[in-house]
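> Encoded as structure tokens, here's the structure I'll be asking about.
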Amino acid sequence: MEHSRITQVFLRLQSEGKTALMPYFMAGYPTVEGSRKAILAASNAGADLIELGIPYSDPLADGPVIQEAGRIALAGGMTTDAVFQLVRSIREESAIPIVLMTYYNLLFRYGLERFASKVADSGADGVIVPDLPPEEAGPWREAAGLAGLDAIFLVAPTSTPERIALAASASTGFVYCVSLTGVTGERTALPANLVDLVKRVKAVTDKPVAVGFGISTPEQAGEVGRIADGVIIGSALVRLIGEAGENAPALVREFIVSVKEVYLA
Amino acid sequence: MQQLPDAHGRYGDYGGKFVPETLMSALAEVESAYDALKDDPAFESELDVYLRDYAGRPTPLYFAAGLSKLYGHRIYLKREDLCHTGSHKINNALGQALIAKRMGKRRVVAETGAGQHGVATATVCALFGMECHIYMGEEDVDRQSLNVFRMKLLGAEVVPVSSGTKTLKDAMNEAIRDWVTNVETTHYLLGSVAGPHPYPMIVRDLQRIIGDEAKKQVLGAEGRLPDAIVACVGGGSNAMGIFYSFIGGETKLFGVEAAGLGLASGKHGASLGCGEKGVLHGSLSYVLQNAFGQIMTAHSISAGLDYPGVGPEHAYFKDTGLATYDSVTDIEALQAFKRLSAIEGILPALESAHALAYLEKLAPRLEPDSLILVSLSGRGDKDVNVVAEALG
């Protein structure tokens, strides 16, 4: 079987001994055009994979920064269909893998098969659903598989060995390792037990392991880069975009280049 | 009848566990603690003592002569308003606090809408020496200031929630976020038959004492089972509590949702009446949502019914016809509030006033002299300011 675009990127980086930099953006924040420019800036600056949030009214795994970005995106009229359009417009200019991240009710309401086929048609490559554990994901895995999408599941510091094995075997593309017990958002330090957690995941799977939640600075990204296959940076970038206004693409570029060339080199 | 939920926490299509991975082990821990305790005679007798001597159970089944005369039926009120803390919420709070104690969790978080569940939780935390954090929407903090003050007196920290709609739904989001963050030390004392499995089951089991008692009481008083039972439904814990012993029998069960400003206005809390299947706060049920699955804002004059979801077992009851669900408006509830106060000398909670208001619709449809039980789930002291303002 041909490798997915996500798998290809991880294989290439692994052969180079490098870690994937995976910035998160909220679709439609601060505007549709603003998010498009920021994403393209990240792609051009050397990001390896884009995580793109579809805003949801009740994002219970997210901290204040991403909650607020989602609220503004929804108030600006962002919808699931508009996110597909955004992906399409990015695809015209970049081949970077795109993983959508949103909550299960949006998939469920849209219809799992219909959602999967629209995601695939738009040119996105996978979906992360933080409130969908593998036990409840049978129908979604089937729909995603039929559409040729990667379905990514999460492991957390509280996951038992059995649950880590379950999420790792259900995941395609990569395994999402939640670094801490908590919601998304910036933290001053990485959790002490993160190295151990990543080791526990890697012990049961050969699939790439990407770490997210609480990674805010280039230095922290560098630390995670030493143990994981991918580093996800969300709230720090979303906050930067919110504060930067017109300068957002330039600042995103600067941030990505610095992380990529200094800390993940 | 098959014992529900099934091994996956499902009631037919509904229920399940749709939560972040971080919480999955915690849910399993709650489930196994509960499984070990529920048939443990020591737990049962400990809970029984607290329910009797602390909460004041059994609550009376009161023959409401004035209401009965008004409607031409024999109407009884199950007086959960006479429970310690003023509502049925104490039944669940006591049970879950004992479960938390057995799990060694010393910190408790909970959501509250009207403040009834918040007060019940703050109360049991004071009783058992637990640290207590209550999440409450800013809008509800304003309209339920009496209950906020009570919770603070009981030693709880009341955290106003300013995200989203600033009501019960957002309080629940925030309580879950707290639980995700502090999961190792904290028990989430969920207040309704909603949320991820095992909560709908645990809360039902802890609230079914309402119906178990009522069944004995009505058989003692009337020598037969009631023709109808009426209860309000937000998340649905008092309704599930009083319904459960009567499921599958001759008694017709009516759940009453908040129609707010009217179903056509779009400003209501009738998730069963007007919602679509969806996932909210960890379970699959009926949800008020738009075409893309964004959760819509509920509205009710009663903070406890101001919620865009409903417990999954009620969704199952609706689909299977085991219970019937209808709704009444803010105005109808206010009229019922005034009516019960004037006729029986009882101020009902605005939530319970929805059940009472439904008598206006139900009474003409039943044979004369039907036997009707109404769940008077809470007392109305907390609502006096809201009612005064609404009645101008």
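The values are calculated or read from the model by the stated rules, or taken from the named source; none is laboratory data. Source: prediction; values computed, not measured. Cβ placement follows ideal geometry from the backbone for every residue including glycine, while neighbour counts extend to all protein chains displayed.
> Tally the residues that are in a loop (DSSP other than H, G, I, E, B), of a type in the set (A, V, I, L, M) and over 16 Å from residue B:121 (Cβ atoms), restricting the search to region B:180-192.
1
> Follow-up. Counting just the residues of region A:164-182 that are more than 14 Å from chain B (Cβ to nearest Cβ) and not small (Gly, Ala, Ser), which one comes out surrounded by the most Cβ atoms within 10 Å (Cβ to Cβ)?
A:174
> Can you name the strands (runs of 3 or more DSSP E) wholly within region B:251-294 that have at least 2 residues being at pLDDT 95 or above and away from every other protein chain (no Cβ under 12 Å)?
Where strands (runs of 3 or more DSSP E) fall fully within region B:251-294 and carry at least 2 residues being at pLDDT 95 or above and away from every other protein chain (no Cβ under 12 Å), they are B:252-260.
> A further question on this structure: Of the conditions (1) without any contact (Cβ under 8 Å) to a residue 60 or more places away in the chain; (2) surrounded by fewer than 24 Cβ atoms within 10 Å (Cβ to Cβ); (3) more than 10 Å from chain B (Cβ to nearest Cβ), residue A:127 fails just one. Which one is it?
With (1) without any contact (Cβ under 8 Å) to a residue 60 or more places away in the chain; (2) surrounded by fewer than 24 Cβ atoms within 10 Å (Cβ to Cβ); (3) more than 10 Å from chain B (Cβ to nearest Cβ) applied to residue A:127, the lone miss is (2).
> Could you run through region A:41-72 and say how many residues are away from chain B (no Cβ under 11 Å) and on the phi < 0 side of the Ramachandran plot?
16
> Does residue B:28 count as surrounded by fewer than 22 Cβ atoms within 10 Å (Cβ to Cβ) and either under 27 Å from residue A:131 (Cβ atoms) or of a type in the set (Ser, Thr, Tyr) (or both)?
yes
> Further question on the same structure: Starting from residues that are in contact with a helix residue (DSSP H, G or I) (Cβ under 8 Å, 6 or more places away or on another chain), more than 9 Å from chain A (Cβ to nearest Cβ) and among the β-branched types (Val, Ile, Thr), keep the ones in region B:169-196 and report whichever is surrounded by the most Cβ atoms within 10 Å (Cβ to Cβ).
B:193
> For region B:178-211, enumerate the residues that are among the polar types (S, T, N, Q) and in contact (Cβ under 8 Å) with a residue 12 or more places away in the chain.
B:182, B:185, B:186, B:192, B:207
> Same structure, new question: Looking at region A:27-40, which of the residues that are of a type in the set (A, V, I, L, M, F, W, C) and in a helix (DSSP H, G or I) is farthest from the other protein chains (Cβ to nearest Cβ)?
Applying the filter and picking the extreme gives A:40.
> Still on this structure, please answer the following. Taking interchain pairs and intrachain pairs at least six residues apart, which have beta carbon atoms under 6 angstrom, with the first residue in region A:147-163 and within 11 Å of chain B (Cβ to nearest Cβ) and the second part of a strand (DSSP E or B)?
Note: pairs meeting the criteria are A:154/A:176; A:154/A:178; A:155/A:177; A:156/A:178.
> Residue by residue through region B:154-168, note down the ones that are hydrophobic (A, V, I, L, M, F, W, C), assigned to a strand (DSSP E or B) and more than 12 Å from chain A (Cβ to nearest Cβ).
B:158, B:159
> Return yes or no: is residue B:112 modelled with pLDDT of 95 or more, under 20 Å from residue B:52 (Cβ atoms) and buried (at least 24 other Cβ atoms within 10 Å of the Cβ)?
No, not satisfied.
> Here is a further query. Here are A:108, A:115: which of them is buried (at least 18 other Cβ atoms within 10 Å of the Cβ), within 14 Å of chain B (Cβ to nearest Cβ) and either free of Cβ contacts under 8 Å to residues at least 24 places away in the same chain or β-branched (Val, Ile, Thr) (or both)?
A:108
> Failed condition for residue A:17, given (1) free of Cβ contacts under 8 Å to residues at least 24 places away in the same chain; (2) small (Gly, Ala, Ser); (3) surrounded by 20 or more Cβ atoms within 10 Å (Cβ to Cβ), with all others met?
Going through the list (1) free of Cβ contacts under 8 Å to residues at least 24 places away in the same chain; (2) small (Gly, Ala, Ser); (3) surrounded by 20 or more Cβ atoms within 10 Å (Cβ to Cβ), residue A:17 breaks only (3).
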